[in-house]
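Working notes, structure below.
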Amino acid sequence: MQENMKIDLHIHSKASDGKMSVEEIFQEARRRNIDLISITDHDSLDSQESALRASHQFKIDYLCGIELNVTYSHPDYKKGKSISLDFLGYHYDIHYLPLVEKLRELREYRERRAEKILQNLNREFEKKNIEPFTTDDLRSIQAAVDGSFGRPHIADYLIKKGIVNNKQAAFDQYLVKCNVPKMPLSLADASSLIHGAGGQLFFAHPGHPRGTSMVSFTSSLDEQQKIIKENMLDFIDGIECWHSSYDEETSRSYLQFAKIHGLGVSGGSDCHQQPIIMGTTNVPENVAEQFGFARHEQ
């Protein structure tokens, strides 16, 4: 009896905050008998061309992906203060110039932001008689970044220098209080960019209980979906209904919401290779069929 098609449409590479290269991801996907994958790096296209080549080499279907971080606010929650939400772009033209240019702009801002975060860190270090970071430290952090530069890379360097023992400590002791706001990208702009590139925009893990999600507003699935219904349906094409953080209730609730509102559905592990959970989220075959993929006959 033929096994079900294995799908993972939410994987991160070294081009953002994953640990594996594109080739290593495809090697692992082949070991795990995954039929269709998407590398969805944060605000980065850097892996897409090599992933398309690797798809032919490893004979694994590939869907172009990206995860865009959006700044979003609602007047009825958190006193109107903005939160971060993630949206997955799929099946788009990776050479679409407005998208390429916006991501370049975000990357350049991110580098300036990192410099300011290091300045804030040095003020904290001074209070604790810790040797300050220099431009050499900044270059060392940048050298370890294959794609988009973010706070996780600074956290890794804090561990390497022996200032903290783990990433959680890096954020708790330093990176939260030393943070500098990201360059904002609105949901309307994210939608326009992905749709302009001929793609589809899916809300990433809206019910993630611990992550970048609607939980920042409310833990109630009904309230989350009310916000989406009233404010987001004009901008999105689908919802991530299967995710490694979800329990059965969350998946079932978002799947029902998607069906009621005629939205597409997607799913994936959100694997950053810490540990390797690629292919462990059970995503049904009809998700692949939405994007024109089907199991290859053996």
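Values computed for the structure shown
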item: Single unsatisfied condition, His74 versus (1) buried (at least 24 other Cβ atoms within 10 Å of the Cβ); (2) outside any helix (DSSP H, G or I); result: (1)
item: Unmet criterion (only one of (1) touching a residue at least 40 places away in the same chain (Cβ under 8 Å); (2) farther than 26 Å from Glu289 by Cβ) for Asp222; result: (1)
item: Enumeration of residues in the stretch 223-237 that are within 21 Å of the chain's Cα centre (by Cα) and outside any helix (DSSP H, G or I); result: Met232, Leu233, Phe235, Ile236, Asp237
item: Looking only at the stretch 230-239, and only at residues there that are more than 18 Å from Asp189 (Cβ to Cβ) and touching a helix residue (DSSP H, G or I) at 6+ places or on another chain (Cβ under 8 Å), the one that is surrounded by the most Cβ atoms within 10 Å (Cβ to Cβ); result: Ile239
item: Single unsatisfied condition, Asp8 versus (1) surrounded by 20 or more Cβ atoms within 10 Å (Cβ to Cβ); (2) in a strand (DSSP E or B); (3) modelled with pLDDT under 95; result: (3)
item: Scope the stretch 81-103; condition surrounded by fewer than 17 Cβ atoms within 10 Å (Cβ to Cβ) and at pLDDT below 95; matching residues; result: Lys81, Ser82, Ser84
item: Those residues of the stretch 279-294 which are modelled with pLDDT under 95 and of a type in the set (A, V, I, L, M), in sequence order; result: Ala294
item: Of residues in the stretch 122-171 being in contact (Cβ under 8 Å) with a residue 40 or more places away in the chain and assigned to a loop (DSSP other than H, G, I, E, B), the one farthest from Asp46 (Cα to Cα); result: Gly150
item: Test result for Arg30, in a helix (DSSP H, G or I) and touching a residue at least 24 places away in the same chain (Cβ under 8 Å); result: yes
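Every residue, every condition in (1) among the polar types (S, T, N, Q); (2) surrounded by 15 or more Cβ atoms within 10 Å (Cβ to Cβ), yes or no:
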site: Ala143; (1), (2): no, no
site: Tyr157; (1), (2): no, yes
site: Asn166; (1), (2): yes, no
site: Ala170; (1), (2): no, yes
site: Gln173; (1), (2): yes, yes
site: Lys182; (1), (2): no, yes
site: Ala188; (1), (2): no, no
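The values are calculated or read from the model by the stated rules, or taken from the named source; none is laboratory data. Treat the numbers as computed from the prediction; the structure is a model and nothing was measured. Cβ: placed from backbone, ideal geometry, glycine included. Neighbour counts: every protein chain shown.
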